[in-house]
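Engineer: Sending over a structure as structure tokens; questions will come in a sec.
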Amino acid sequence: MGRVFQERLTRFSELPKVPAFILVLLLLVGSWTASYYTGGTKHAYPHLFYVPILLGAYFFRVPGAWLTAAAAGILAGPLMPLDVDAGIAQPLGLWLFRMGFFLLIGLLTAVLFSQLDRRLAEVNELMEALAQHHVRTLMVLAQLHELRDTSTQGHSQRVAINALRIGQRLGLKGEDLHNLYWAGLLHDLGKILVPDGILLKEGPLTESEFLEIQKHPAFGAETLEGISDGFQAVAEGIRSHHERWDGHGYPKGVKGKDIPLAGRIIAVADVFEALTNDRAYRVALPVELALAYIQREVGLQFDPEVVQAFLELHRAGQISISLHPGDIFQSLGEIGRHFPGRR
Ligand SMILES: [Fe+2]
């Protein structure tokens, strides 16, 4: 509620200069008309002049405040009788005093608005610095994770860029797209906490080892949530990237559209990338076989709409299959260095 009001207020303050000037002018004329036709300054209506004075200060700061206050002082002074019906003019001292008061109120308001401008500029600067700080934090985390397991180097970047393209195809925009990209880049961050003996094991995993691996989506999500509340949406995508459309995934076993869209998208990008690249326990599958696997899992492991978008992109040649392992953050050029969670 407060936010909506604040946004409307901001839009109002950004009114172009000409309409703002016309509005102030109309309010001055309206205030004069209301005061005159209700009998003159003996009544309370001249107080209406404070409205255009405040708006003059709001839109045009000190110069606007002075000009509006001076115009109001003249309109409510020599151009306004004390009593219209009796034809009594205002004493000079009275309207001069009122004009001085108008000028003072206009000036004070304009100075306060200028102070507010300065404070807002400082806050924006601070927000920008914070955003850069968060981006650097995420980049370090992503690098840290990539260094842990060199056999999967470049995996996160390919998942992130393909997830981003699927998201764009599905109509995601702005903040949702940025969060999806970062979730793709950091989806396996939680593997940092999985012991080497399990993570780098070449043979098949035992049941208990697999249970340990299954903790990584929650580990990764909790790590990000611990850094900043602004990472909530990214964490959600990380937490849900091993959920399955049929509800047999982990960690929660949610199904269908109860799985966050970012998780459903990353699931497809992740599996495709893993299948088409060498792993310690197998060689890369040909792309056709990987695509066949993805299609076979529609409605089981994967969201049909996400797979459809993925296949369309693949046919259009827009799915990255291999990037150079050294170019870990090359794809940042496509998304820009945005702070997830920021408006
Ligand atoms: Fe994973």
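Engineer: Name the pairs: first residue in segment 173-201 and under 20 Å from Val271 (Cβ atoms), second residue basic (Lys, Arg) and within 16 Å of the ligand (Cβ to nearest atom), Cβ to Cβ under 7 Å, at least 6 apart or on different chains?
Structural biologist: Once the first residue is under 20 Å from Val271 (Cβ atoms) and sits in segment 173-201, its partners that are basic (Lys, Arg) and within 16 Å of the ligand (Cβ to nearest atom) give Gly190/Lys215; Lys191/Arg148; Leu199/Lys191.
Engineer: Still on this structure, I have one more. Is it fair to say Ser114 is in a helix (DSSP H, G or I), among the hydroxyl-bearing types (Ser, Thr, Tyr) and within 15 Å of the ligand (Cβ to nearest atom)?
Structural biologist: no
Engineer: Inside segment 72-81, can you point out the residues that are surrounded by 20 or more Cβ atoms within 10 Å (Cβ to Cβ) and assigned to a helix (DSSP H, G or I)?
Structural biologist: Ala72, Gly73, Leu75 - these are the residues of segment 72-81 that are surrounded by 20 or more Cβ atoms within 10 Å (Cβ to Cβ) and assigned to a helix (DSSP H, G or I).
Engineer: Given (1) out of contact with any Ser or Thr (no Cβ under 8 Å at 6 or more places or on another chain); (2) closer than 30 Å to Gln318 by Cβ, where does Arg158 come up short, assuming only one miss?
Structural biologist: Arg158 satisfies every listed condition except (1).
Engineer: Regarding Pro260, is this residue over 30 Å from Gly197 (Cα atoms), without any contact (Cβ under 8 Å) to a residue 40 or more places away in the chain, assigned by TED's automatic domain parsing to the domain that holds Ile198 and within 16 Å of the ligand (Cβ to nearest atom)?
Structural biologist: yes
Engineer: Would you confirm whether or not segment 180-191 contains a residue that is buried (at least 20 other Cβ atoms within 10 Å of the Cβ) and among the acidic types (Asp, Glu)? Give the derivation first.
Structural biologist: Taking segment 180-191 first, the residues buried (at least 20 other Cβ atoms within 10 Å of the Cβ) are 180-190.
Next cut, among the acidic types (Asp, Glu) only: 188.
Scanning segment 180-191 turns up at least one residue that is buried (at least 20 other Cβ atoms within 10 Å of the Cβ) and among the acidic types (Asp, Glu).
Engineer: I've got another one for you. For the structure I just gave you, tell me whether Arg98 is within 40 Å of the chain's Cα centre (by Cα) and assigned to a helix (DSSP H, G or I).
Structural biologist: Judged against the criteria, Arg98 is not a match.
Engineer: Output the residues belonging to segment 212-231 that are hydroxyl-bearing (Ser, Thr, Tyr) and either more than 25 Å from Gly197 (Cα to Cα) or surrounded by fewer than 17 Cβ atoms within 10 Å (Cβ to Cβ) (or both).
Structural biologist: Ser228
Engineer: Any residue at all in segment 301-311 that is modelled with pLDDT of 95 or more and of a type in the set (Val, Ile, Thr)? Spell out how you get there, then give the answer.
Structural biologist: Our first condition is that a residue be modelled with pLDDT of 95 or more; within segment 301-311, this holds for 301-311.
Restricting the remaining residues to those that are of a type in the set (Val, Ile, Thr) gives 306-307.
Checking segment 301-311: at least one residue is modelled with pLDDT of 95 or more and of a type in the set (Val, Ile, Thr).
Engineer: Sticking with this structure for a sec: Given the options Tyr250, Tyr293, name the one that is within 15 Å of the ligand (Cβ to nearest atom) and aromatic (Phe, Trp, Tyr).
Structural biologist: Just one listed residue meets the conditions, Tyr250.
Engineer: Please indicate, with yes or no, whether at least one residue in segment 138-150 is polar (S, T, N, Q), outside the structural domain of Gly263 (by TED's automatic domain parsing) and touching a residue at least 60 places away in the same chain (Cβ under 8 Å).
Structural biologist: yes
Engineer: Another question, if that's okay. Checking the conditions here, which among Thr68, Thr41, Thr33 is hydroxyl-bearing (Ser, Thr, Tyr), out of contact with any Cys (no Cβ under 6 Å at 6 or more places or on another chain) and outside any helix (DSSP H, G or I)?
Structural biologist: Answer to the check: Thr41.
Engineer: Could you figure out which of (1) within 15 Å of the ligand (Cβ to nearest atom); (2) surrounded by fewer than 16 Cβ atoms within 10 Å (Cβ to Cβ) isn't true of Val234?
Structural biologist: Val234 satisfies every listed condition except (2).
The values are calculated or read from the model by the stated rules, or taken from the named source; none is laboratory data. Since we're looking at a predicted model, the values are computed, not measured. We place every Cβ from the backbone using ideal geometry, glycine too, and count neighbours over all the protein chains shown.
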